[in-house]
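To keep things clear, I will list the structure first and then write my remarks on it.
The values are calculated or read from the model by the stated rules, or taken from the named source; none is laboratory data. Being a predicted model, the structure only gives us computed values, none of them experimental. Reconstructed Cβ throughout: ideal geometry from the backbone, glycine too, with neighbour counts over all protein chains shown.
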């Protein structure tokens, strides 16, 4: 039988760690404690209001104007502290990255490609992997019970396929549908490599992605390296806004976190892991809708460091319609909240792992506090502008935020050598795109705390144009 047609069958024992459910008595105790704390805080606030009310001399209108000015000031201070804190840390990372290059480490790498109904894009994804500027790797496709022609397309790719530096071995694991976490675990168990690269079935990697990322594993403290995700299908309003968001909102934050080697989420489209770090963390779990965030937090909890490599690029297809985008962010938000709740012991006890506690609090702020602040501030300022003649103040507030976003976008695009045409989108980025996403986050948060059921949403693939890799 021709080796290109031979598919090896292997029996795998998969690990999938799940959390243990608390007893009903424990839940009642926790609810009782929360009610007591909430009641005491409410009583304290009522006492403060009753005591201070007789000394209040402002009229209702004056009170609104005064509170608007104070709110504007506080909001801008928080925003500036957040922005410049991230910018400074990102700049220090880029400086460190530029003047401390690492080379000369080329271990064997297994690329795990989980696929579910990716028949339109899987061939292009594998084609990009065969053109990598790296000689020591294999590709493992894991078909997670696809219902389209994914299995047939994957079978046609199995065997030794010509790569840039010789033949590349492509293996196929076909399993019943069980979710992305279990599919990745199947590929990791099958792999014999020291380093595994986990990606999405629709992603395409840049030529030097492995070579640039794998060198950081020469540091024995590094347990994983996060890659740089870019939007492939651009030239449309929502995809261009997402392209700017990935560059300014995600990659800049990842660069800042990487200065401390504490990246909080290894993105699904490209993440490299030391296999021992995954084993220490207990592999991927399917008890959250953000298995990437969950595994990252587990790796950090086991005292591994996580780095960010901006030149390990994965091009992915982004939602083109608002409804698809909101469904994606709904799942992301609920998944991140589930991951935070799963690791709440570390959240409230920094003595377990201070770095992980710090990262969890930043995730808590970004997922829960910041969206609420942003929505409330916008509604309050619009109300004040319409009913109390503060429209000019509102305009200058918007102009200041737009200027801040444009300067930040210009810096980030210059650092990543990205498309300059994305900079003008910063004018509507915060007041339109970010606000829309934050409203979606707030609704997702409410549903998560109320315990609404949810299912995996899957983006319908259109087969985006091949990325310039």
Residue check for residue 232: under 19 Å from residue 306 (Cβ atoms), touching a strand residue (DSSP E or B) at 6+ places or on another chain (Cβ under 8 Å), surrounded by 20 or more Cβ atoms within 10 Å (Cβ to Cβ) and in contact (Cβ under 8 Å) with a residue 40 or more places away in the chain
no
Residue 154 in contact with a helix residue (DSSP H, G or I) (Cβ under 8 Å, 6 or more places away or on another chain), under 28 Å from residue 231 (Cβ atoms) and part of a helix (DSSP H, G or I)
yes
Are there any pairs with C-beta distances below 6 angstrom linking a residue in region 199-223 that is farther than 13 Å from residue 111 by Cα to a residue that is in a helix (DSSP H, G or I), with the two at least 6 apart or on different chains, and if so which?
222/216; 223/277; 223/299
Conditions (1) crowded, with 24+ Cβ neighbours inside 10 Å; (2) touching a helix residue (DSSP H, G or I) at 6+ places or on another chain (Cβ under 8 Å); (3) more than 30 Å from residue 321 (Cα to Cα); number of the one not met by residue 203:
(3)
Out of contact with any strand residue (DSSP E or B) (no Cβ under 7 Å at 6 or more places or on another chain) and within 17 Å of residue 250 (Cα to Cα), is that true of residue 317?
yes
Failed criterion for residue 182 (all others in (1) in a strand (DSSP E or B); (2) under 24 Å from residue 293 (Cα atoms) hold)
(1)
Which ones in region 156-171 are farther than 16 Å from residue 127 by Cβ and either buried (at least 18 other Cβ atoms within 10 Å of the Cβ) or in contact (Cβ under 8 Å) with a residue 40 or more places away in the chain (or both)?
171
Given the criteria within 22 Å of the chain's Cα centre (by Cα), under 22 Å from residue 331 (Cβ atoms) and in contact (Cβ under 8 Å) with a residue 24 or more places away in the chain, does residue 177 qualify?
no
Does residue 99 meet the test of being in contact with a helix residue (DSSP H, G or I) (Cβ under 6 Å, 6 or more places away or on another chain) and either closer than 29 Å to residue 258 by Cβ or surrounded by 20 or more Cβ atoms within 10 Å (Cβ to Cβ) (or both)?
no
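Does residue 327 qualify as being free of Cβ contacts under 8 Å to residues at least 40 places away in the same chain, surrounded by fewer than 20 Cβ atoms within 10 Å (Cβ to Cβ) and part of a helix (DSSP H, G or I)?
Against the criterion (free of Cβ contacts under 8 Å to residues at least 40 places away in the same chain, surrounded by fewer than 20 Cβ atoms within 10 Å (Cβ to Cβ) and part of a helix (DSSP H, G or I)), residue 327 does not qualify.
For every residue, the table says whether it meets (1) surrounded by 16 or more Cβ atoms within 10 Å (Cβ to Cβ); (2) closer than 16 Å to residue 83 by Cα; (3) at pLDDT 85 or above; (4) within 27 Å of the chain's Cα centre (by Cα).
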{"residue": "368", "(1), (2), (3), (4)": "yes, no, yes, yes"}
{"residue": "375", "(1), (2), (3), (4)": "no, no, yes, yes"}
{"residue": "379", "(1), (2), (3), (4)": "no, no, no, no"}
{"residue": "392", "(1), (2), (3), (4)": "no, no, no, no"}
{"residue": "401", "(1), (2), (3), (4)": "yes, yes, no, yes"}
{"residue": "409", "(1), (2), (3), (4)": "yes, yes, yes, yes"}
{"residue": "415", "(1), (2), (3), (4)": "yes, no, yes, yes"}
